[in-house]
Amino acid sequence: MSFPKYEAYKDSGVEWLGEVPEHWTLTLLKRGYQVVLGKMLQPKPKRDEDKRLPYLRASNIQPTGIDISNVRKMWFSNDERDSLRLKLGDLLISEGGDVGRPAIWNFDDEFYFQNSINRIRSLEGNSTRFLYYWIISIKNKGYIDSLCNKSTIAHFTAEKVAAVPAPFPPQNEQAQIARFLDYETARIDALIAEQQRLIELLKEKRQAVISHAVTKGLDPTVPMKDSGVEWLGEVPEHWEVCRITHYLETVVDYRGRTPQKEDSGIFLITAKNIRDGEVDYERSQEYITEKAYEEVIQRGYPQVGDVIFTTEAPLGQVANLDRRDIALAQRIIKFSGRVGVVDNYFLKYWMMGDVCQSELHSLATGSTALGIKGSKVNQLSFCKPPFSEQKYIAVILQDRCQDIDKLMQQAYEGVSLLSERRAALISAAVTGKIDVRDWQPPADS
């Protein structure tokens, strides 16, 4: 889709903005909007007139809008109720947290706001919806982060918000640009939601494929037997159901003192690196010295193919090692199946399946982050097909999971492209790079 440009442009005087339409005004945000910071937390009343009322925090401002499902209350005086009550159409911008995240207040309920939020209210008819898209645009470009020095604890104070440069098209044009962006971003958001739903369905499909293969096998005609375990049901007649440690050669728990981290040395695989059956070396990059490595690894030297398993933060992520020149951190247990009896790659898929994952979570403890002690691992169950069948199932699962992963990657790339398109369209409209004054939604929309 292409849009026309304006007939004439002028230099905005702002280096990162460049040219704007000739008839637009560029000035400080406070010239067209009132900026007010919310109230500091008041847990107790100070006056007889104070009332305990609901207020918003920065966490209530979400990318999808304002979330009022988890709202707290504090005390407000009569004057504060007059000055801090939200009105339909107010623009709210987070002062802390994800600094500069904007959302429009579209509720009729009586609500107020804390000092982690700046309220922007229109002066003389300027459009807060147009300004909402302008804030999104400059946030996407990193302007707000640089303004707030996000390398430390960032705050987008009312003074900083008021001093933000903002374009002021004629007010009817502001409304038209906002109308155009409401429509177009809604269309893009719907496409993004479809891709995200596809990703979730593919994840469910992947999990179902793994879980079925490691409990029922790949041959639908094979005779079945009762496993004797209620939550497992029937398994192939020639499979053995036992404890997971029964046929393991080694079980090594690396729990202990955390070694000092270095900028280089031996790569340290942590729980962060283990995701979806693979070791992701990009997710976290930590190193220890060779001396520290010798202390850590003497419990058990890693071999290619060994199964590594996270005991907490997160619980139950599994992968096969694909290299030996690494160290293993706390919260990781290393398994190795008995040679010729348990295939490590089948064992990985078993631990990824629903049965093992359910058992893990039933044995786990922890109020904040679930975790399992190494001593409880021997309570986990294991379905053991003959060794040759284990190897065959593992190879087939690898192929099938790779096919599903390719589809998921395509969907992730689709989301990324759509998100880039959304950001580019918003930027083009609010900076006047495209002219949407004559735009109208399709008749069948």
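The values are calculated or read from the model by the stated rules, or taken from the named source; none is laboratory data. Bear in mind the structure is a predicted one, so any value in this text is a computation, not a measurement. Don't worry about glycine lacking a Cβ; one is built from the backbone with ideal geometry, like all the others, and counts go over all protein chains shown. All accessible areas refer to the heavy atoms of the entire protein, side chains included, with ligands and DNA or RNA removed. Shrake-Rupley method; radii C 1.70, N 1.55, O 1.52, S 1.80 Å.
Candidates 129, 179, 121, 187: the one that is among the charged types (D, E, K, R) and closer than 15 Å to residue 36 by Cα is 121.
Looking at this structure, is residue 256 at positive phi and either in a strand (DSSP E or B) or surrounded by 13 or more Cβ atoms within 10 Å (Cβ to Cβ) (or both)? No, not satisfied.
Can you find even one residue in segment 429-436 that is among the polar types (S, T, N, Q), open to solvent by less than 20 Å² (accessible area, probe 1.4 Å), within 30 Å of residue 165 (Cβ to Cβ) and out of contact with any Cys (no Cβ under 9 Å at 6 or more places or on another chain)? Yes - at least one qualifying residue is present in segment 429-436. The set of residues from segment 17-42 being within 11 Å of residue 165 (Cα to Cα), open to solvent by 80 Å² or more (accessible area, probe 1.4 Å) and either in a loop (DSSP other than H, G, I, E, B) or modelled with pLDDT under 95 (or both) is empty. Filtering segment 24-49 to residues that are closer than 26 Å to residue 132 by Cβ and out of contact with any Asp or Glu (no Cβ under 9 Å at 6 or more places or on another chain) leaves 25, 26, 27, 28, 29, 30, 31, 33, 34, 36, 40. Residues that are open to solvent by less than 60 Å² (accessible area, probe 1.4 Å) and either under 22 Å from the mean Cα position of the chain (by Cα) or acidic (Asp, Glu) (or both) within segment 43-61 comprise 50, 57, 58, 60, 61, listed in sequence order. Of the helices (runs of 4 or more DSSP H) that lie entirely inside segment 104-217, those containing 1 or more residues that are under 30 Å from residue 229 (Cα atoms) span 171-216.
State all residues of segment 327-355 that are modelled with pLDDT under 95, open to solvent by less than 10 Å² (accessible area, probe 1.4 Å) and farther than 14 Å from residue 248 by Cβ; if no residue qualifies, say none. 327, 328, 332 - these are the residues of segment 327-355 that are modelled with pLDDT under 95, open to solvent by less than 10 Å² (accessible area, probe 1.4 Å) and farther than 14 Å from residue 248 by Cβ. All told, residue 367 falls short of being surrounded by fewer than 22 Cβ atoms within 10 Å (Cβ to Cβ) and part of a helix (DSSP H, G or I). On the stretch given as segment 404-428, residues that are exposed (fewer than 13 other Cβ atoms within 10 Å of the Cβ) and charged (D, E, K, R) total 3. Among the conditions (1) within 14 Å of residue 162 (Cα to Cα); (2) buried (at least 20 other Cβ atoms within 10 Å of the Cβ), residue 147 misses just one, which is (2). Cβ-Cβ under 6 Å, sequence separation 6+ or interchain: first residue in segment 201-219 and closer than 13 Å to residue 394 by Cα, partner of a type in the set (Gly, Ala, Ser) and outside any helix (DSSP H, G or I). Which pairs? Between residues of segment 201-219 that are closer than 13 Å to residue 394 by Cα and residues that are of a type in the set (Gly, Ala, Ser) and outside any helix (DSSP H, G or I), the close pairs are 210/353; 211/353; 214/353. Screening residue 225 with (1) at pLDDT below 90; (2) exposed (fewer than 14 other Cβ atoms within 10 Å of the Cβ) gives one miss only, at (1). Annotation: residue 267 fulfils all but one of (1) open to solvent by less than 40 Å² (accessible area, probe 1.4 Å); (2) of a type outside the set (Val, Ile, Thr); (3) not in a strand (DSSP E or B); the unmet one is (3). Tell me, which residue of segment 68-93 that is touching a helix residue (DSSP H, G or I) at 6+ places or on another chain (Cβ under 8 Å) and within 20 Å of residue 131 (Cα to Cα) is surrounded by the fewest Cβ atoms within 10 Å (Cβ to Cβ)? Looking at residues that are touching a helix residue (DSSP H, G or I) at 6+ places or on another chain (Cβ under 8 Å) and within 20 Å of residue 131 (Cα to Cα), I get 89. Checking 122, 77 one by one, the residue that is among the hydroxyl-bearing types (Ser, Thr, Tyr), closer than 25 Å to residue 180 by Cβ and modelled with pLDDT of 95 or more is 122 and no other.
Taken as a whole, segment 379-386 holds at least one residue that is part of a helix (DSSP H, G or I), closer than 26 Å to residue 216 by Cα and modelled with pLDDT under 95. Determine whether residue 398 is within 18 Å of residue 276 (Cβ to Cβ), surrounded by fewer than 16 Cβ atoms within 10 Å (Cβ to Cβ), free of Cβ contacts under 8 Å to residues at least 40 places away in the same chain and not hydrophobic (A, V, I, L, M, F, W, C). No; evaluated as a whole, the condition is false for this residue. Within segment 309-361, the set of residues being within 28 Å of residue 257 (Cβ to Cβ), among the acidic types (Asp, Glu) and assigned to a loop (DSSP other than H, G, I, E, B) comprises 322, 325.
All conditions but one from (1) without any contact (Cβ under 8 Å) to a residue 12 or more places away in the chain; (2) over 32 Å from the mean Cα position of the chain (by Cα) apply to residue 378; the one that does not is (1).
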